[in-house]
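The values are calculated or read from the model by the stated rules, or taken from the named source; none is laboratory data. None of these values were measured; they are calculated from a predicted model. All Cβ positions, glycine included, derive from the backbone under ideal geometry; neighbour counts span all protein chains shown.
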Amino acid sequence: MAKINYVEKNKALVISVISAVALILAGVLLFSVIFSGHGTVMSNGDLMSKVRVSRKGGEPDDEFKKIYSEFSLKLLKSSANTSENVAFSLADAVSATALMAYSASGDTQVEIERALGTTGMKAGKNISGLQKRSAYSNKKGAGLKSANNLWLNNAALFGIKKSFLKTNGKYFGLGIYRDSFADSKIADSASTKISDATDGNTFSQMRFDQTQYMNLVSGASFVAKWKNQVSSKNLTDNLFAGSQSEASCPFFTSVEDGYLNGTTYSGAVKAYEGGFSFVGLVPSYTQEGSVYTISEVLEELETSGGIANLKAGLINGKTEVILPDYSNSVNIPTTTDLSDALKEAGAEKLFTKSADLGSLAPKSQNLHLDSFSMAGDIQITPAGSCSSTSEGKAVTKKELSECKNSVEFNRSFLFFVVDDRSGLPIYAGILNKLD
C-alpha cells in the first residue's frame, strides 16, 4: 500500500510540474503578445506609457502647406455658422485626422485621405516638426498647451496593434487610452487629463456612452505675451456687437506695422513673443450697410490663396489696432464638435459600423469613431494671450496721428495664431460673444 501511495505522489508531482510549466509558458506567450512589436495590446489605461514618443519628422513642405490650408478651411467653414465662440488647435485637428487616416484600411482609408488631401503618414511626417516647435516651453514662454487624445472602449474585444502605437509615438503624438465607457468616472478622467495639460482648461461637454467604441477628444490653450504689451491703463469702454447681442467691454489700443485688406474684411497682425503672431480679420460693411458674415470671409480666404501664409498680403504702414479685452472663463472653454465637418468633407464611413480600421486593430469589426470634439481656451488681453497684468506703455497721441489705417475689432471676428517660421496658423477662433 505504501508503494502505491509513493507512485501516486510522484504522478501528482509530475502533473503539478507540467501544469506550472504550462502556466509559465502561457504567461510568456501572453507577455509577448501584449508587448512585442508584432503583437497587440489588450490592456487598459494609458497605452502609450511603454511607447517612446519621439515626434520625428520634418518641416511642412509647400505641397503640405496647401493641403493643411484647404483642410483647415473645411473645418472652420463647417464651424462658422454658430452664435457660439469657436476656438481650437488646427495643428491638433490635422494631426488627429491624419492618425485616423493611418489607422484605416480599404475604402475607409480612401475616404479620410481624400478629405484630408494626403495620406495619414505623409501628413504625420509633415506636421510633426510644426507641432513640436509649437508646443509650449518654459524657455520661450509661449506656445500651445494641449492634450490630443484617442479614447477606446474596452467593451469592444479587440487588441490594439503595437505597430500602430509606435507610429503614433513617432509622428502623431496623440494620447491613446483604453477604459470602460460604462464607468461613470471616465468623463471626469478624460476631462482631468485635458485640464492638467492646459492649466485648467476643462472639457465640460464631454460625454461617454457604453454603446460607443472610440472618441477623439482634445483641448488646447495658446499662451504667449505680446512683443509690445499695452498698458492696462490704456483701456476704453465700448460696445462689442456679437452675433446675437451687444455688450459693453473695455478695449485696448496698440500701434502695429501693417494692415490687411480684403473685399469682405479688414485686418491686422500683432506679434507675440516666442515666434508667433496674432492675425485678426474683422468683417467689413457691405455697400448696403450690413456686415459680411464669417462664412463669407472664409470663402474669400479660400479663393484668394487660403491661409497658408496669412501675412503675405500685409500692407506696410502704421496701423491703429483696437481689440476687446477678452478673458473667457477657463472653466467653460469653447467646445467645437468636428464630427460633422469630417463627414461633410467626405469621411462618412469612419463614423459607421462598416468602418475598416485594420491598421489600428487586427479584428476591427464594428470599430468606428463616434465623436471628434475639440475644446479651446485663449485670452486676448493688454498683456497678450494670458491673464497677467500688463506693464506695457500707453499709446501716445503722436503715434496714433501717424497711423494710416485703423482696425477696430468691435464685432464678431475671425482670428488665427500663426507660426512665424512656417507661416501656418496653428490655432484659430471666432469670437462671437464675450461671456
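How about region 226-245: which of its residues are of a type outside the set (Ser, Thr, Tyr) and touching a Phe, Trp or Tyr at 6+ places or on another chain (Cβ under 7 Å)?
Passing the criteria: 226, 227, 230, 234, 235, 238.
Out of 185, 166, 140, which single residue is within 21 Å of residue 100 (Cα to Cα) and assigned by TED's automatic domain parsing to the domain that holds residue 97?
166
Which condition does residue 87 not pass, out of (1) surrounded by 23 or more Cβ atoms within 10 Å (Cβ to Cβ); (2) at pLDDT 95 or above, if it passes all the others?
Condition not satisfied by residue 87: (2).
Could you figure out which of (1) at pLDDT below 95; (2) touching a strand residue (DSSP E or B) at 6+ places or on another chain (Cβ under 7 Å) isn't true of residue 369?
Of the numbered conditions (1) at pLDDT below 95; (2) touching a strand residue (DSSP E or B) at 6+ places or on another chain (Cβ under 7 Å), the odd one out for residue 369 is (1).
I'd like the full set of residues that are assigned to a strand (DSSP E or B) and small (Gly, Ala, Ser), limited to region 377-400.
384, 385
Tell me which residues, restricted to region 380-390, are in contact with a strand residue (DSSP E or B) (Cβ under 7 Å, 6 or more places away or on another chain) and at pLDDT below 90.
Of everything in region 380-390, those that are in contact with a strand residue (DSSP E or B) (Cβ under 7 Å, 6 or more places away or on another chain) and at pLDDT below 90 turn out to be 386, 387, 390.
Filter region 315-326 for residues that are out of contact with any Phe, Trp or Tyr (no Cβ under 7 Å at 6 or more places or on another chain) and surrounded by 14 or more Cβ atoms within 10 Å (Cβ to Cβ); which is modelled with the lowest pLDDT?
Among those residues, the one meeting the criterion is 326.
Answer yes if at least one residue in region 355-369 is assigned to a strand (DSSP E or B) and in contact with a Phe, Trp or Tyr (Cβ under 7 Å, 6 or more places away or on another chain), and no otherwise.
No, because not a single residue in region 355-369 is assigned to a strand (DSSP E or B) and in contact with a Phe, Trp or Tyr (Cβ under 7 Å, 6 or more places away or on another chain).
Does at least one position in region 281-299 carry a residue that is in the same structural domain as residue 424 (by TED's automatic domain parsing), part of a strand (DSSP E or B), hydrophobic (A, V, I, L, M, F, W, C) and crowded, with 19+ Cβ neighbours inside 10 Å?
yes
Only one of (1) at pLDDT 90 or above; (2) not in a loop (DSSP other than H, G, I, E, B); (3) not charged (D, E, K, R) is not met by residue 306, so which one is it?
Against the list (1) at pLDDT 90 or above; (2) not in a loop (DSSP other than H, G, I, E, B); (3) not charged (D, E, K, R), residue 306 comes up short only on (2).
Does residue 338 qualify as being in the same structural domain as residue 100 (by TED's automatic domain parsing) and either in contact (Cβ under 8 Å) with a residue 40 or more places away in the chain or under 22 Å from the mean Cα position of the chain (by Cα) (or both)?
yes
Return only the number of the condition from (1) assigned to a helix (DSSP H, G or I); (2) at pLDDT 85 or above; (3) over 30 Å from residue 294 (Cβ atoms) that residue 13 does not satisfy.
Among (1) assigned to a helix (DSSP H, G or I); (2) at pLDDT 85 or above; (3) over 30 Å from residue 294 (Cβ atoms), the lone unmet condition for residue 13 is (2).
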